[in-house]
Amino acid sequence: MTALSLVTHQARYDLRAFRRNTRARIFTLAVPVLLLLILVSLFHSGTVKSGGVTVKIAVYYVPHIAAMAIVGAGLINLLITLVAKRESGSLKRRRATPVPSWVLIAGDATTSVVSSVLIVVVLIAIGSLGFGMPVTGAALGLAAVETVIGAAAFCCLAYALGGLVANAESAGPMVQLSTLPVYFISGIYVPDNELPHWLLDVANVLPVRPMAVALQAAFVPATNGGQRFAALPMLVVLAWGVVGLLIAVRTFSWAPRRA
Amino acid sequence: MITVRGLRMSYGHYEAVRGIDLDVARGEILAFLGPNGAGKTTTVEILEGFRKRTSGEVLVLGTDPAHAGPDWRARVGVVLQESAPEAWLTVRECLSMYAGYYLRPLPVGRALELVGLTDKADARCDRLSGGQLRRLDMALALIGDPELIFLDEPTTGFDPAARHTAWEVIAGLRDLGKTIFLTTHYMDEAEALADQIMIIAAGRIVSSGTPATIGGRASAATTVSFTLPDGVTAGDLPGLLASATAGRGGTVEIIHDQPVPVLHELTTWALQHGYPLSDISAHRPTLEEIYLGLTDELTSPKGRD
């Protein structure tokens, strides 16, 4: 039994559980698609200024909603599932078997990455086929790599927050409360040229806006001064992942918490 | 299989476990009894390798569980008290997932058969009844074909029929040569299954022995009780019977360590006078009475289970 086959084994069952979980499917897949369609149809002007250049509204929203979708699949869905599994004793029971803990984490990370890639592909397809967003092979390849890195980083953040959240009931409200304002100041809902500079400065050091900026640059390098690969924003995302991992290692518990 | 010497565990100033010794031999079922807050769960969690200890020697399968690795985990099965289904998977998928964690697992069909869940193999875990879920827990603990199994209150909340089914499953595991460390609140469960019983109260072992001998049960005095016939007072009773005292519900009781002479004298006297003594009974303390007697005054009001 190699480490890789063990991870594949675990990921197969995690993905199967994800596929059957209606809440997870609606939340991670349907909500971003719906939001993209609503936002694009709301703005009749058809264009928006972003990164100093004028882009089509769909070209703006596809990468921004994609960033939100990666947070949904990588962070929020995993966090809620994780806390529920911990409180039900399911994680502790797995720890009573010889399976190494990193295999369980790798299984979760694989689920996050696969579902993130899936939803990002769907959003890009809608942008390209429905709204004429320009898509090249280079853009797709880079966006895929960035999505994988982002999903893994948000997965680490989920484990970090999992150590801080007391129970399954508070996981949902807590995560909504903390992500919603971040989405707003990151220009996910409202185009970023409408937002004050100081808010964007704050958003730039949080993980959501850098994710959106990097994905947007992959498709429209002009929004990032002509650079297709937005190195600095991806570094910010990666840094959050590392910080999350460090916190998780110190605080995450496999056993249910009791009062 | 298990050797514990001088085990102690403190939470801050509170000492939950205060020097426990115990031994479990291969193929034996040990029933570990005690009220909530007695240090039962703490002890079991230390043996399972889920909790560190303050001091003492602990060897489980020859290894200190505090430093045990995957090879040790593969030989130990654990049925936790709190458990929920792996949501969204079927019983068979759930067992297959766990089987993948072991080098030499039991076939899934065999594990299902052992716990009697074969006809529920394709049901989703979250659609099982409480009793079926506990049996799935048991199957998950068995899938790695462990030598030693920890069962933490395996029948709590069961109806009588489901409890007897669970007992048959546990007795079947003994027949396979498994060693079982059983935590329970139920005296009849311990009596039906255990080779050895240990009672813990306030962090100490207060009694241990077989179901027949624990708490001096084998040599305990017998209580003979009956209702005095109309017009007879305790003072009228002859010989050995003169020690009679008032018992429950208007009866009198004679407590004596030799029931045969007492009964002989009593029945001879009754026959001579033509008294029916229709509610006459002789009984030795039940395991439950022994347990309550041992744990009553020792049970500490605070602390953790």
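Of note:
- GNM result for chain A, Cα springs below 10 Å: residue of A:Leu142, A:Leu235, A:Leu129 fluctuating most strongly: A:Leu129
- Chain B - mean residue ellipticity at 222 nm from DSSP helices (-39,500 (n - 2.57) per run, n ≥ 4, rounded to 500): -8500 deg cm²/dmol
- Once backbone amide H atoms are built at 1.01 Å from N, B:Ile149 has B:Gly77, B:Thr179, B:Ile180, B:Phe181 as its partners under 5 Å, excluding neighbours fewer than 5 places away on the same chain.
- 12 Å beta-carbon shell around A:Tyr13, net charge (K/R +1, D/E -1): +2
- For the stretch B:1-147, a Kirkwood radius taken over Cα pairs fed into Stokes-Einstein (20 °C, viscosity 1.002 mPa s) yields D = 128 µm²/s.
- Note, ³J(HN,Hα) from phi for the stretch A:233-240, Karplus 6.51, -1.76, 1.60, rounded to Hz, x at Gly and Pro: x, 5, 5, 4, 4, 4, 4, 4
- Per residue, the convex hull spanned by the Cα atoms of the stretch A:3-251 measures out at 125 cubic angstrom.
- Cα pair count fraction exceeding 31 Å, expressed as % - the protein assembly as shown: 60 percent
- Derived scalar couplings ³J(HN,Hα) [the stretch A:180-194; Karplus, 6.51 cos²θ - 1.76 cosθ + 1.60; whole Hz; x for Gly, Pro]: 4, x, 5, 4, 5, 6, 8, x, 6, 8, 10, x, 5, 6, 8
- Legend: P(r) of chain B from all alpha carbon pair distances, 20 Å bins from 0, whole percents, reading 29, 45, 22, 5.
- Multiplying each eigenvalue of the alpha-carbon gyration tensor of the stretch A:1-74 by 5 and taking the square root yields semi-axes of 36, 16, 6 Å, largest first, rounded to whole angstroms.
- Integer Hz, Karplus 6.51/-1.76/1.60 couplings in order for the stretch B:70-75, x for Gly and Pro: x, 5, 5, 4, 5, 9
- Considering only B:Tyr11, B:Tyr186, B:Tyr275, the mean-square fluctuation computed in a Gaussian network model of chain B, springs between alpha carbons under 10 angstrom, is largest for B:Tyr275.
- Counting only residues at least eight positions apart within a chain, or on another chain, the lysines with an alpha carbon under 20 Å from that of A:Lys92 are B:Lys40, B:Lys52.
- For the pair the stretch B:150-164 and the stretch A:160-204, the centres of their Cα atoms are 46 angstrom apart.
- Acute angle (nearest 10 degrees) that the helix A:77-87 long axis makes with the longest principal axis of chain A, alpha-carbon atoms: 20 degrees
- Working note: Debye formula, equal point scatterers on the alpha-carbon atoms of the stretch A:1-144, no solvent; log10 I(q)/I(0) at q = 0.13, 0.17, 0.20 Å⁻¹ is -0.66, -0.94, -1.16.
Only the coordinates and a few stated rules stand behind these numbers; no lab work does. The model shown is predicted, which means the values in this text are computed figures rather than measured ones. So basically every Cβ, Gly included, is an ideal-geometry build from the backbone, and we count neighbours across all protein chains shown.
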